[in-house]
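First comes the structure, then the notes that go with it.
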Amino acid sequence: MNFRLLIMAKTLLSSVFIAVGLGVLCFAPSTCSGQSSDDGELPELKKAAEKFFRKSVTPFIKTYCLECHQNSRPTEAGLSFTPALDTPGHAAFSEKWKKAAARVKAHDMPPDGSEQPTDEEREMFMQWQDTIKYLSPKDTGNFVIRRLTKTEYGNTLRDLFGVDPKIADALPDEVSGEGYLNSISPLQLEQYLSITDEVLNRVLTHDGLPVRRSQASSNDGKDVSHAIDVDDQRRTYAGLIDLSLFVEPPVPRADAHETARSVAQSLAKKIYRRPASDTEVQVLTDVFELGRQSEMAYPAALRLMLKAMLVSPQFLFITPADDFDNKAEIVPLDDYQLGSRLSYLLWGTMPDDKLMTLADSGKLRDPAVLKEQVKRMLEDPRSRALFDGFGAQWLRTGDLRTKTFDLSKFPEMTSEMRSAMYDEVRLFFQSIVRENVSIAQLIDSDYTFLNENLATIYGFEEAIKGTEMRRVLLTDKNRGGILGMPGVLAATSFPNRTSPVNRGVWVLEQVLGDHVPSAPPNVPALDKQDQQSVANLTLRERFELHRSDPTCANCHRLLDPIGFGLENFDAIGRWRNQDDNGQAIDPSGELPDGSRFSNPQELKAMVAGRLDDFCRNLVKKMLAYALCRKLEGYDEIVVDELMQAIAQDGYRMQTLVTAVVTSYPFTHRRAQ
């Protein structure tokens, strides 16, 4: 390809990305408005919520909050309740209400020196959090046409072309799910172009002919100039793309155009994960004609067209298929987008032939069919993506391989040990999913997965040999479940010591779903204490000294008991009875509600006793991850509905996953 054509092709491909991208948001299915479960009680619940707000919450805000948090003066912490008093159910205030409730619950607000509410008034304000959802209109929330993550992008290229997913490693790392950054920078677009070139060089020559398998696997992405023999052209290259389409042109030229159009339709359905529209096919054939006008051979022009597909928004984003009915406000997802949303959640890659066939027939959206597909997909090895994507993010173990540890204190934290710690949590999570047992076993179980390396942390080094992870029965009741796993304990520690605060926050927020207020400004860190005066104190005693500051006391009375309940586990999860100073560890604690525990086993039992809270939190986090946005407003009512179905089936894990992917916001979207 000459320099002039390179410039023209690159300009056209960038223009295709921008022009087609502007139209992506205009696609939607042409079906009538969808419904969730029976909403007959909602009007009455809304009236009750409005009355509760006017009678109880509004006086509370005016008495204890409005003096500092109103529009007529500089607001404290950037929070104003003035607009919330007029429209308390607006989605914009959802997060503010949660933060306010957490502060009131922790007795951080109102601040010392201000008039204080009674315990009954504080409890009333907390009850408001369970009522506010009824003020929200029925809605699916913001509809995110999201970009494929780095992992999903690499997996999809693997499935299409048989290349190693690591081909996408040059892309920046990113956090998927709730709060996912959905944009594409000019630098990323350049990276996508570069990766696309590398993929195509591995499967096609620059003349557009298929590459021999042996040559493709050995060229490492460099220029390949040898095509396969004619007899081998009728095959696929270890992926879904049929490279036998890239053959010499038919004659006359008019037939070449029509054949290219047919090829565009065939390839686009696989690459876009849905049928291409007439407009999209026309754009692709225009790219093909550009190549032909620049004296490119027929297969080379097809290669240019394929490249346009691979840098298009339709490939890089999960886009809808059809035009929508302007009269509908909420519409069901079309079957193709539903299939992609489901596949990327559970498998981290594109839909397989079964999902595409169901989408072709319009049957995938049928609830019974969708549930059947969820079960099938969770039994497939590719379902490990549910942990690698969602589970690792939820349990905060995703960064374990790169987390910094003081290797002078913890030389055991090799790359092999970190991988084993991660795999223990992953395999345990997957076993709960595939065996479809109660999610209570995530908290308290009698087994785990170990290899020789990780067995040293458990004290099983004599019994377990070899690098292979295997299922191991546990008899120590302090172990078993995510609270006692070295990967989780290490992820919530500092590089050189445990962190009762981090562990306490992790249990409250990641497990039980409580909102923990952020630390007040200018609070001195523990390492700022006079080291000589605290040299002989236990970590618990140092925290008690820290809590003597009234600014710190309220939050720490929630966090510290839980964190110290896990203090028998050191920073990498080994059991110990003495701390670094040789002092005996006291793992006992008392929670604000008066309940007591004396060891990790009893703490686990208390957490497991809040199974409904744990389940609700897991449902909310998975739903937010699946929707790629924060939950708000009507989502809370949806979660209530899902909780009923999950509880009735014994809190089983597959029931939870199925409830999420068959839920109203997962299967529907806004038309505008």
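At a glance:
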quantity	calculated
Cut-off under 5 Å, modelled amide H: who pairs with His206 long-range	Val224
Candidates per trypsin sites (Lys or Arg not before Pro) in the range 104-165, loop by DSSP, up to 16 other Cβ within 10 Å	Lys138
3J(HN,Hα) from dihedral phi, the range 288-298, Karplus parametrisation 6.51/-1.76/1.60, rounded to Hz, x for glycine, proline	4, 5, 4, x, 5, 5, 9, 6, 7, 5, 3
Global form of the range 604-645, assessed from the alpha-carbon gyration tensor, a/c cut-off 1.5	prolate
Candidate residues Ser340, Ser194: accessible-area rank, largest first, probe 1.4 Å	Ser194, Ser340
Amide H partners (placed H, <5 Å) of Phe317, local residues excluded	Leu148
Whole-number percent relative contact order across the range 349-489, with pairs defined as alpha carbons under 8 Å at least 6 apart	21
Whole-Hz couplings from phi, Karplus 6.51/-1.76/1.60, listed for the range 627-635; x for Gly and Pro	8, 6, 7, 6, 7, 7, x, 5, 4
Whole-angstrom gap from the range 635-672 to the range 131-169, using each part's C-alpha centre	18
Trypsin sites (Lys or Arg not before Pro) within the range 398-485: DSSP coil, no more than 11 neighbouring Cβ in 10 Å	Arg401, Lys465
q = 0.11, 0.15, 0.16, 0.21 Å⁻¹, the range 557-672: log10 I(q)/I(0) [Debye, one scatterer per Cα]	-0.55, -0.80, -0.84, -1.04
Sparse-neighbour loop sites [GluC sites (Glu not before Pro); the range 438-508; at most 16 other C-beta within 10 Å; DSSP]	Glu461, Glu462, Glu468
FRET efficiency estimate (nearest 0.05) - Cβ-Cβ, Glu41 to Gln129, R0 22 angstrom	0.70
Global form of the range 291-386, assessed from the alpha-carbon gyration tensor, a/c cut-off 1.5	oblate
Whole-number D in µm²/s for the range 348-446 (Stokes-Einstein; Kirkwood sum over Cα pairs; 10 °C, 1.306 mPa s)	99
Ranked packing of 389-399, 341-351, most packed first, by mean Cβ within 10 Å	341-351, 389-399
In Hz, Karplus ³J(HN,Hα) per residue of the range 477-494 (6.51, -1.76, 1.60; θ = phi - 60°; x = Gly, Pro)	5, 6, 9, x, x, 5, 5, x, 8, x, x, 5, 5, 5, 5, 9, 10, 7
Relative contact order of the range 276-434, defined on C-alpha pairs under 8 angstrom at six or more residues apart (%)	15
Gyration tensor verdict on the range 395-520 (Cα atoms; rounded if a/c is under 1.5, prolate if a/b is larger than b/c, oblate otherwise)	oblate
Extension gain (nm, one decimal) between Glu379 and Ser194, 0.36 nm per residue minus Cα-Cα	63.0 nm
Between the range 554-612 and the range 365-395, the alpha-carbon center distance in angstrom	33
Sequence-distant residues sharing a close amide H with Arg669 (under 5 Å, placed H)	Val331, Leu333
Extension gain (nm, one decimal) between Arg434 and His90, 0.36 nm per residue minus Cα-Cα	119.9 nm
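The values are calculated or read from the model by the stated rules, or taken from the named source; none is laboratory data. Small disclaimer: the values here were computed from a predicted structure and weren't measured. Note that we place each Cβ from the backbone using ideal geometry, even for glycine, and neighbour counts take in every protein chain shown. Just so you know, the surface numbers come from the protein's heavy atoms only, side chains and all, with ligands and any DNA or RNA stripped out. Shrake-Rupley method; radii C 1.70, N 1.55, O 1.52, S 1.80 Å.
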